[in-house]
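Trainee: Below is one structure. I have some questions about it.
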Amino acid sequence: FTKAGLLASPILMSVVSRPAIGAACLSNMLSGNLSDPDRGSCNLGLSPGYWKNHPDVWPMGAASYKPDGSIPSGCSACEDSSGWICSGGPLFNSYFTTRQDPENRTMHEMICTMPGSEQFHIIAALLNAMTDPNYVLSVAQVKALWADPTLGGSITTSLNDFLDSTWT
């Protein structure tokens, strides 16, 4: 082996054997660790169930407000027999410019009223990316994933299954 041949072998090996979710960041996983091999391992995020029940810790401020102006303690505080009663909070369409919500709802309403949906999952991924700089996905990657759930064919599972693998 020449010195150049020895140096090329580990690079080729890292392209061929990509690490599992959680072992490295998405950009490292999809590029075979060539773009930023020293970034290290990333953190798994919090589930959609956590985020829908903790609207007071959303990174962009309160997820929504009850009619009396207080921050709700969870989804049930925003629903009554007439439907969704909370207002304010970040709009889904303000963060995702493709595949927008035709009803222009808040992310809190969507995560509370659409359990199991792609929106339920992508909102949790966005909140994780915004609160933890070491989350598996960056904010830009979450937005790109919403625009193209396969990331150009790099992801071969469903969007929900993929995102489920990025939190505990």
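The values are calculated or read from the model by the stated rules, or taken from the named source; none is laboratory data. Bear in mind that the values here come from a model prediction, so they are computed numbers and not experimental data. For neighbour counting, all protein chains shown are included, and Cβ atoms are generated from backbone atoms with ideal geometry for every residue, glycine included. Keep in mind that these areas ignore ligands, DNA and RNA; they rest on the heavy atoms of the full protein, side chains included. Shrake-Rupley method; radii C 1.70, N 1.55, O 1.52, S 1.80 Å.
Trainee: Whole-Hz ³J(HN,Hα) for each residue in region 78-87, computed from phi via Karplus 6.51 cos²θ - 1.76 cosθ + 1.60 with θ = phi - 60°, x for glycine and proline: what do you get?
Mentor: With coefficients 6.51, -1.76 and 1.60, one gets 10, 10, 9, 4, 8, x, 6, 10, 7, 9 Hz.
Trainee: Between Thr97 and Ser158, what's the calculated FRET efficiency when r is the beta-carbon distance and R0 is 30 Å? Round to 0.05.
Mentor: Efficiency computed from Cβ-Cβ geometry: 0.85.
Trainee: Would you mind working out the accessible area per residue for region 36-168, using a 1.4 Å probe, and quoting it in Å²?
Mentor: On the way: 6130 Å² over 133 residues.
Solvent-accessible surface per residue comes out at 46 Å².
Trainee: At 0.36 nm per residue, and after removing the present C-alpha to C-alpha distance, how many nm does the segment from Asn104 to Ser117 gain when stretched out fully?
Mentor: Taking 0.36 nm per residue and subtracting the Cα distance, the gain is 3.1 nm.
Trainee: At a 10 angstrom cut-off on C-beta neighbours, averaged per residue, how do the peptides 72-83, 126-137, 97-108 rank from highest to lowest?
Mentor: 126-137, 97-108, 72-83
Trainee: Leu151 to Ala77: extension gain in nm, 0.36 nm per residue of separation minus the Cα-Cα distance?
Mentor: Working: separation 74, 0.36 × 74 = 26.64 nm, distance 3.65 nm.
Full extension of this stretch gives 23.0 nm more.
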